[in-house]
Amino acid sequence: MNTNVLFIISFLVFFLSVSGIEVHAEQKTVVIPFGAYNPELNTPAEVWFDPPTTSIKVGDSVSWINDDREGHTVTSGQGSGRFGWMSDDFGQADGFFDSGRFFPGDSWSYTFQEKGAFRYFCTIHPWMEGFVIVDPLIPDYPHDAMGNKIEKFPVIEYTNDGLIELDITWEPNVIKTFEKVVLIYHTYDPATNSNLDKMSYDIIITQNGREVFRDSGVTQVGGDYRNVLFEESGPIKIKFENIVSWGTSGIESGAREPPLHPSQRSVQFTAIVYDNPEQTSFTDDIVQPTQTLQFYYEIAVAIILIPAALFILILWYMKSGKPTGLPTGQKTTPV
Ligand SMILES: [Cu+2]
């Protein structure tokens, strides 16, 4: 085969793999732990199916592995609760799925083809209860804080004086707790429809009445980004304040008289954070973009000035000879 053809094929394979065209159904595992057969043995963990709740998407499957020393079933329906079996409650199957009894070391899988919340239990040991949530209450499209579907990105808003246009997108589009979100924003002068090359701003995110994120920045080539993590679900407000555009094309360059002092200039976006069924703690490290120029100037000043000052001090010290005020290490004994 011609090397060019090989190259094109490998490029296509690479492109398809990174573009995520293939959608994989996932398989999740639930372990039936040792001791599940005896409600006393399992005390105080009370975990008969581990994890007790499994969140999946339509088309995914769940595989239950029996690590216990007795046979069990995975049967949809309501179990007896921890002590119900003592008063002859052995649970109620609803007929949606039933593994039948499977033995230690065996496993049983089921593929979920419809949305819903499915309780299940073991018909032999009805205190063993678990839960599968298929496509939990997380939509596959973003919402603003009013619950309106955000039809397209970027979302565009204008500052309260109408002088600056801010466009924002976030990735991933549906924001979940404990999952890193990248906010990417660009600024434009709506009068000329061109990027504002430099704009300083504060970005403040509030959620449930509390400030959960605050930072300042300077857009470099008309844009900037921030990485954000949310601990709680609920609506958020993303507010930009103290917006000053001071590049050559900037509003503050004097071409037009701004009607508002920059400190009063603001713009706000809203979104909703959803509870993440798969993650309940932080795993991502958050790395913010360095505030490039300003930051480096400050560092450079320190790198140059500190050694320079030391050098001058040393020169001065050597020139003035042995300073008189300093102890010489010899003590004069009083007579
Ligand atoms: Cu069982």
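Quick note: the coordinates plus some simple rules give every number you see, no bench work behind them. This one's a predicted model, so the numbers in the text were calculated from it and none came from an experiment. Counting neighbours? That spans all protein chains shown, and the Cβs are built from the backbone with ideal geometry, glycine included.
Below are the figures for this structure:
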{"read-out": "Segment Ser281-Asn160, length gained on full extension (0.36 nm per residue, minus Cα span)", "value": "39.8 nm"}
{"read-out": "Neighbour-count ranking [beta-carbon atoms within 10 angstrom, fewest first] of Met318, Met199, Met86", "value": "Met318, Met86, Met199"}
{"read-out": "Length gained when the stretch Ser63-Ile184 is fully extended (0.36 nm per residue, less Cα-Cα span)", "value": "39.7 nm"}
{"read-out": "Residues of type lysines that Lys198 reaches as a straight line, Cα spacing below 24 Å, ignoring anything fewer than 8 places off in the same chain", "value": "Lys237, Lys239"}
{"read-out": "Lys115, Lys152 arranged by Cβ crowding within 10 Å, fewest neighbours leading", "value": "Lys152, Lys115"}
{"read-out": "Equivalent-ellipsoid semi-axes of the range 100-178, from the Cα gyration tensor, Å, largest first", "value": "47, 12, 10"}
{"read-out": "Sites Ile304 and Ser216, calculated FRET efficiency, Cβ-Cβ separation with R0 30 Å, nearest 0.05", "value": "0.75"}
{"read-out": "Spatially proximal aspartates and glutamates relative to Lys57 (Cα-Cα < 12 Å; intrachain offsets below 8 disregarded)", "value": "Glu26, Glu114, Asp135, Asp140, Glu278"}
{"read-out": "Residue among Val228, Leu166, Tyr201 farthest towards the positive dipole end of the range 155-274, charges placed on Cβ", "value": "Val228"}
{"read-out": "Relative exposure of Ile56, Ile138, judged by other C-beta atoms within 10 Å (fewest first)", "value": "Ile138, Ile56"}
